[in-house]
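Input: a single structure, listed below in structure tokens.
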Amino acid sequence: MWLFALFDLPVKTSIDRKNYSRFRTALLKQGFSMLQFSVYARYSGSEERGDSIIQKVKQQLPPYGQVRLMLVTDHQFGKMEVFNGKKKAKTEEPPAQLLLF
């Protein structure tokens, strides 16, 4: 399973920017990687593990803005097509072994 975090957060004030930075840092500390701006993903070995990660992300939600969390299977993730300009790029592979945190 892959867990996606997609978000649009305000960055108009210094407090907004601080909240954005805290949320982004929290995602990185929880093992997420940036796929593109405001789209982060992390491999989770199972749906149950994904649900526990979702609970941790919920504890870090900023006061304003929109955050979407979505679990997809390895198969669905593997069907994603990635392009850099018009050139097709390779989709990320799941880790070779289960990571323990």
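Points to keep in mind about this one:
- Principal-axis tilt of helix 47-59 within the chain, Cα atoms, nearest 10 degrees: 10
- Once the Cα atoms are used to define both axes, helix 14-29 deviates from the longest principal axis of the chain by about 30 degrees.
- Taking trypsin sites (Lys or Arg not before Pro) as exposed when DSSP calls them loop and at most 15 other C-beta atoms lie within 10 angstrom, the chain has its longest site-free stretch at 13-78.
- Relative contact order, percent, the chain [alpha-carbon distance under 8 Å, six or more residues apart]: 37
- Summarising the label geometry, the points placed 7 Å from Cα in the beta-carbon direction at Thr73 and Asp51 lie 1.8 nm from one another.
Rule-based calculations on the coordinates, nothing more; no lab input. A quick note: this is a predicted structure, and the numbers were derived from the prediction, not measured. Quick reminder, even Gly has a Cβ in these numbers, built from the backbone with ideal geometry, and neighbours come from all protein chains shown.
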